[in-house]
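The values are calculated or read from the model by the stated rules, or taken from the named source; none is laboratory data. Since the structure is predicted, the reported quantities are computational estimates derived from the model, not experimental observations. Counting neighbours? That spans all protein chains shown, and the Cβs are built from the backbone with ideal geometry, glycine included. For the accessible areas, the whole protein counts, side chains as well, though only heavy atoms, and no ligand, DNA or RNA atoms are used. Shrake-Rupley method; radii C 1.70, N 1.55, O 1.52, S 1.80 Å.
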Amino acid sequence: LKNIVRFIFISHDNRTSKEIRIPKVLIYVLSVLSVFLLLASIIVLYDYVSLLKSTGSSYRLSAENRELKEQIKIYKIKTQQINKRLEKIEIFRDKLKNIFGIPTKEETSNNDSKLQEELYNSYVNRYKKLNIPLVNDSILLQTIIDIDIHFLKNESLSNNLFLDFNLIDNKMLDDQRFASSTPSVAPASGIITSQYGPRISPYFGVPKMHEGLDIGAGIGTNVIATADGTVSEAENSTGFGKVVKIDHGYGIETLYAHNSQLLVNKGQVVQRGTLIAKSGNTGWSTGPHVHYEIRVNGIAIDPQYYILNDDIL
Ligand SMILES: [Zn+2]
C-alpha cells in the first residue's frame, strides 16, 4: 500500500469518516500536467502579444514591398530604354566605321537564356550563403534578372562604343579633309519614298536597279551639298531632269536629280551644306522628290550608309 495516498475525512463529531485512496502516480501526473498547462498558457499569451505587435510592422513591410516592386518595374523599363538608345548609337557607329574604312568586327551576341540561367544560379547561391530563403516571388526575381541582363548589355555596349568612337575620332583627326569630303548628311529633309536596291521602276514599270535614294519633298525644298567638293555637272538631262553632280575627290561623287531649279554652276567649289538646288519633278520622275546617289569609284552604293543625321525618316 506504499503507492497509495489516503485522504481521510472525519466529521466534526468524530462519528463518521470517509476515506479516498489515490495512487501516488496519479498525483505526480496531475502536478506535472498542471505545470505544463501553466507554461503553455504563458507561451500562448506571449505569442499573442508579439502577433499583435507584428501585424502592424508586417502591414508596413508589405506596403514597402509593393513600392519596391513598382520601383523595380520602372528600373526595368529604364534600362530597356537605354538599351534601345545604345543600339541606335551602334548603327550610327557602324555607319561612321564604314565611312572611315574601319573594319566592323563580328560582334558576339550574348546568349540571353544562358546568361539568365547563370544569373539565376548566382542569386540562388547568394541567398544560400546569406541564409535567406529564396525569393518565392519568381516574377520579382525574373524582373531583377532582366534588369541585370540589360545592365550588363548596356555596360558592354557602351564600352565598345567608347572604344570605337575613339578610333573614329583618331581617324578623323588623321584626315580632316577626307572627313569633310565624305557625304554625311541628307541632301534634303523629307521622307524616304524609295530605297536603294532592285525594284520595279515606277516610271517604266520594269525591274530596274534603283541606284539611289528617293526623298519625297515638295517642289522648292532646299537641296544641299552633302560634303565639300567641286560641281562637276549642273545641267538639264533627259532622265535626271535638272541635275547636279559633285566631285568630292577620293573617288567619291554625289548626284542630286529631278530638281526644279539649279543654284550652282559647273566648276564651282561647294562646302557641305551649300544650297545647290531647289527640288522638283523634272526628268523621268513620277512625283516631287530628290533622287540622291553616291558613287565610290563609279559604283553606286546605298546612300543611307552616308546619312548620319535625322533629317529623313
Ligand atoms: Zn530615285
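The table below lists the values:
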| item | result |
| --- | --- |
| Extension gain (nm, one decimal) between Asn98 and Asn170, 0.36 nm per residue minus Cα-Cα | 24.4 nm |
| Mean ellipticity per residue at 222 nm, deg cm²/dmol - from DSSP H runs of n ≥ 4 across the chain, formula -39500 (n - 2.57) | -16000 deg cm²/dmol |
| Diffusion constant of the chain at 20 °C, which comes from Stokes-Einstein with the Kirkwood Cα-pair radius and 1.002 mPa s, µm²/s | 79 |
| Distance in nm between pseudo-label sites at Lys53 and Gln81 (7 Å out along the Cβ direction from Cα) | 4.4 |
| Potential extension, Tyr250-Leu152 segment - 0.36 nm per residue separation minus Cα distance | 31.2 nm |
| Whole-Å distance, taken between Cα centres, linking the range 199-263 and the range 46-83 | 62 |
| Helix axis angle, 112-130 relative to the chain longest principal axis, alpha carbon, degrees | 30 |
| Rounded to the nearest 10 Å², the accessible area of Ser122 at probe 1.4 Å | 50 |
| Listed pairs Lys97/Lys153; Lys53/Lys76; Lys76/Lys128; Lys95/Lys208 exceeding 29 Å between Cα atoms | Lys53/Lys76 |
| Residue order for Ile149, Ile8, Ile219 - accessible surface, 1.4 angstrom probe, largest first | Ile219, Ile8, Ile149 |
| Phi to ³J(HN,Hα) by Karplus 6.51 cos²θ - 1.76 cosθ + 1.60 over the range 6-21, Hz, x for Gly, Pro | 10, 9, 10, 9, 10, 6, 4, 8, 6, 8, 10, 9, 10, 10, 10, 10 |
| ³J(HN,Hα), Karplus 6.51/-1.76/1.60, whole Hz, each residue of the range 194-200, x for Gly, Pro | 8, 7, 5, x, x, 7, 7 |
| Ranking by accessible area, most exposed first, for Lys53, Lys114, Lys129 with a 1.4 Å probe | Lys129, Lys53, Lys114 |
| Residues with amide H under 5 Å from that of Gly220, placed H, sequence gap 5 or more | Ser260, Ser279, Gly280 |
| Farthest toward positive dipole pole in the chain [+1 Lys/Arg, -1 Asp/Glu at C-beta], among Pro288, Gly241, Asn170 | Asn170 |
| Within the accessible area of the range 101-260 (1.4 Å probe), percent carbon and sulfur | 54 |
| Inter-centroid distance (Cα atoms) of the range 280-304 relative to the range 127-196, Å | 32 |
| Total charge dipole magnitude, the chain, about the Cα centre, Cβ charges on Lys, Arg, Asp, Glu only, Debye to nearest 20 | 2180 |
| Residues with amide H under 5 Å from that of Ser232, placed H, sequence gap 5 or more | Lys245, Ile246, Asp247, Gly267 |
| Degrees separating the helix 138-174 axis from the principal Cα axis of the chain, which is the longest one | 30 |
| Largest to smallest accessible area among Glu118, Glu233, Glu90 [probe 1.4 Å] | Glu118, Glu233, Glu90 |
| Antiparallel DSSP beta bridges within the chain, as percent of all bridges there, nearest 5 | 100 |
| Under 5 Å, built H, 5+ apart or other chain: amide partners of Ser201 | Val206, Lys208 |
